[in-house]
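K.L.:
Quick one: structure below, then a few questions.
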2 protein chains.
Amino acid sequence: MEKIIGVVGGAGPFAGLDLLGKILDQTISERDQDHLTVISLSQPNQLPDRTRFLLGATAVNPAHAIFNQLQQLERAGADIAAIPCNTAHAAPIFNCVLEKLGAVGSRIRFLNMLAETVSYIRQQHPDRQRIGILSTTGTYQAGIYPHLLKAAGYAAVIPDLHLQTELIHPAIYDPQYGIKTVGKNAVRARDALLQGVNDLQQKGAEAIILGCTEIPLALPEKWIGDLVIIDPTLVLARALIREANPDKLRPLS
Amino acid sequence: MEKIIGVVGGAGPFAGLDLLGKILDQTISERDQDHLTVISLSQPNQLPDRTRFLLGATAVNPAHAIFNQLQQLERAGADIAAIPCNTAHAAPIFNCVLEKLGAVGSRIRFLNMLAETVSYIRQQHPDRQRIGILSTTGTYQAGIYPHLLKAAGYAAVIPDLHLQTELIHPAIYDPQYGIKTVGKNAVRARDALLQGVNDLQQKGAEAIILGCTEIPLALPEKWIGDLVIIDPTLVLARALIREANPDKLRPLS
């Protein structure tokens, strides 16, 4: 029995859209009716900013909104769900969501995009050991990826704080040129991110995780030179299909 | 009070995705939280093919599935809704949905993409009187657009039956090269559609409605030479924003 996919899509809305597109792209299909059932709830004005919470700029934990939206998705029929937002996977947010789901006896299976990403690297790129990360400053400060990667036996490579705050974070958030404002055509943001890629490679990275779901919008490459570029949104799309109906998961190209 | 948008997204799934993207693109926003709440239900395996019903290949009226999905969206909180599928607007389908919504006293406002499209042409392109239509054979046989356009005082221009069935419909539906299979990168489908555009122009069309929501995926142009190209998905995205919160509707570029 094919399971129904739920997507918490508002964090941010373009990342939610990107996940929905990647679910379609990664599904084996010849006709409309072959595609999986996907319920997407994009409710960004009810989903407080994740980075602001992690940096202490607000006390409102977005976990409560994420939990509410997961409950809505479950009531609408979703069996499995995910949120395409790396920052939302920081322990103070993600664990709070899991606790709240547990407390109400939710039966939705809430996938962990970051755990899926580390597992994907292990399976698909066993030769890569030094993993770079580009992310929001929220994800950066929370040390989410370095923690996960080190626990899995990898070396984590991150930008220095100046590059992180002056170049990488604004590429995502700047109200003039950031990806959250401009979307896919964020040329200046792309340049900044490519500088980040270059910096991480100089520091020995062999693969780079695009650790904010806005980044792949402006940086869609799978390889940059010798570097493997890892897109957690793509990994998550494949994990959702695998859980919904593994027979429909397109082989990796 | 901002209204919540519901999308019946599985007809087809790529057209649903395209509508969601156009809603984002047409919304005035600087940050995630500025975007509207959108609930999308893409359940293609519960949404029988519209063209097959209109052509008599199946007795199952997709109206029942569309109604059920609208009910689900309403229960999830949607105030206004639409289905980005031209063929679903044929009277035997669309009127049946409206009747069923009326019978249960639904309070969802179900927009009519085709009526919005004719109204858009009148407002934005008052100099255009002869309107060509590219569509599925279901929409073609049902005469949906010609009927609407003539009632509004326009001349409707359609391909001859051979071109329609041998070139235009397969560009959408062919299991090898059709847009429903290949998505945006449907090169052969695009060539076929451009032949259709050319044919309609030869017959005097001054504007062309892309009367199947898959077509704009492969034919994103707003103008082809002197021809205005009308994308009902874009018109629908703007109509949904207008109904949800007119202050957030981006001015036409």
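The values are calculated or read from the model by the stated rules, or taken from the named source; none is laboratory data. Bear in mind the structure is a predicted one, so any value in this text is a computation, not a measurement. Cβ sites come from the backbone with ideal geometry, for glycine too, and all protein chains shown count toward neighbours.
K.L.:
If B:Arg31 passes every condition in (1) surrounded by fewer than 21 Cβ atoms within 10 Å (Cβ to Cβ); (2) of a type in the set (Lys, Arg); (3) touching a residue at least 40 places away in the same chain (Cβ under 8 Å) but one, which one does it miss?
P.N.:
(3)
K.L.:
Looking only at the stretch A:101-133, count every residue that is farther than 23 Å from A:Gly9 by Cα and either in contact with a strand residue (DSSP E or B) (Cβ under 7 Å, 6 or more places away or on another chain) or acidic (Asp, Glu) (or both) and tell me the total.
P.N.:
The total comes to 8.
K.L.:
Step by step: first the residues of the stretch B:234-246, then only those that are in a helix (DSSP H, G or I) and under 10 Å from B:Glu2 (Cα atoms), then the one that is nearest to the chain's Cα centre (by Cα). Which residue is that? Please lay out each step first, then the result.
P.N.:
If we filter the stretch B:234-246 for residues that are in a helix (DSSP H, G or I), which is where we start, we get B:234-244, B:246.
Retained after the next criterion (residues that are under 10 Å from B:Glu2 (Cα atoms)): B:241, B:243-244, B:246.
Working: B:Ile241: 16, B:Glu243: 17, B:Ala244: 19, B:Pro246: 21 Å.
Filtering first and then ranking leaves B:Ile241.
K.L.:
Go through (1) touching a strand residue (DSSP E or B) at 6+ places or on another chain (Cβ under 6 Å); (2) modelled with pLDDT of 95 or more; (3) farther than 15 Å from A:Leu240 by Cβ for A:Gln43 and report which single condition fails.
P.N.:
(1)
K.L.:
Evaluate the following for B:Val182: is it modelled with pLDDT under 95 and more than 30 Å from B:Glu74 (Cα to Cα)?
P.N.:
In short, yes.
K.L.:
Now for a separate question. Could you go through the stretch B:55-67 and let me know if any residue there is surrounded by 24 or more Cβ atoms within 10 Å (Cβ to Cβ) and out of contact with any Cys (no Cβ under 7 Å at 6 or more places or on another chain).
P.N.:
Of the residues in the stretch B:55-67, the ones surrounded by 24 or more Cβ atoms within 10 Å (Cβ to Cβ) are B:62, B:66.
Okay, now just the ones that are also out of contact with any Cys (no Cβ under 7 Å at 6 or more places or on another chain), so B:62, B:66.
Yes; the residues of the stretch B:55-67 include at least one that is surrounded by 24 or more Cβ atoms within 10 Å (Cβ to Cβ) and out of contact with any Cys (no Cβ under 7 Å at 6 or more places or on another chain).
K.L.:
Is it the case that some residue within the stretch A:126-136 is within 16 Å of the chain's Cα centre (by Cα) and assigned to a helix (DSSP H, G or I)?
P.N.:
Among the residues of the stretch A:126-136, not one is within 16 Å of the chain's Cα centre (by Cα) and assigned to a helix (DSSP H, G or I), which makes the answer no.
K.L.:
Exactly one of these conditions fails for B:Leu98: (1) in contact with a strand residue (DSSP E or B) (Cβ under 9 Å, 6 or more places away or on another chain); (2) touching a residue at least 24 places away in the same chain (Cβ under 8 Å); (3) surrounded by fewer than 21 Cβ atoms within 10 Å (Cβ to Cβ). Give me its number.
P.N.:
With (1) in contact with a strand residue (DSSP E or B) (Cβ under 9 Å, 6 or more places away or on another chain); (2) touching a residue at least 24 places away in the same chain (Cβ under 8 Å); (3) surrounded by fewer than 21 Cβ atoms within 10 Å (Cβ to Cβ) applied to B:Leu98, the lone miss is (2).
K.L.:
Please work out which residue is nearest to the chain's Cα centre (by Cα), limiting yourself to the stretch B:211-233 and to residues that are surrounded by fewer than 19 Cβ atoms within 10 Å (Cβ to Cβ) and part of a loop (DSSP other than H, G, I, E, B).
P.N.:
Across the stretch B:211-233, the extreme among qualifying residues is B:Pro220.
K.L.:
Can you list the helices (runs of 4 or more DSSP H) found entirely within the stretch B:1-79 that contain at least 2 residues being within 8 Å of chain A (Cβ to nearest Cβ) and farther than 22 Å from B:Tyr173 by Cβ?
P.N.:
Numbers: elements: B:13-25, B:50-54, B:63-75.
Counting at least 2 such residues, we get B:13-25, B:63-75.
K.L.:
Looking only at the stretch A:160-180, count every residue that is among the aromatic types (Phe, Trp, Tyr) and closer than 12 Å to A:Thr139 by Cα and tell me the total.
P.N.:
Initial filter on the stretch A:160-180 (among the aromatic types (Phe, Trp, Tyr)): A:173, A:177.
Filter once more, so that each one left must be closer than 12 Å to A:Thr139 by Cα: none.
So the answer is 0.
K.L.:
Of all residues in the stretch A:176-224, count the ones that are under 20 Å from A:Pro126 (Cβ atoms) and either touching a Lys or Arg at 6+ places or on another chain (Cβ under 7 Å) or not hydrophobic (A, V, I, L, M, F, W, C) (or both).
P.N.:
6
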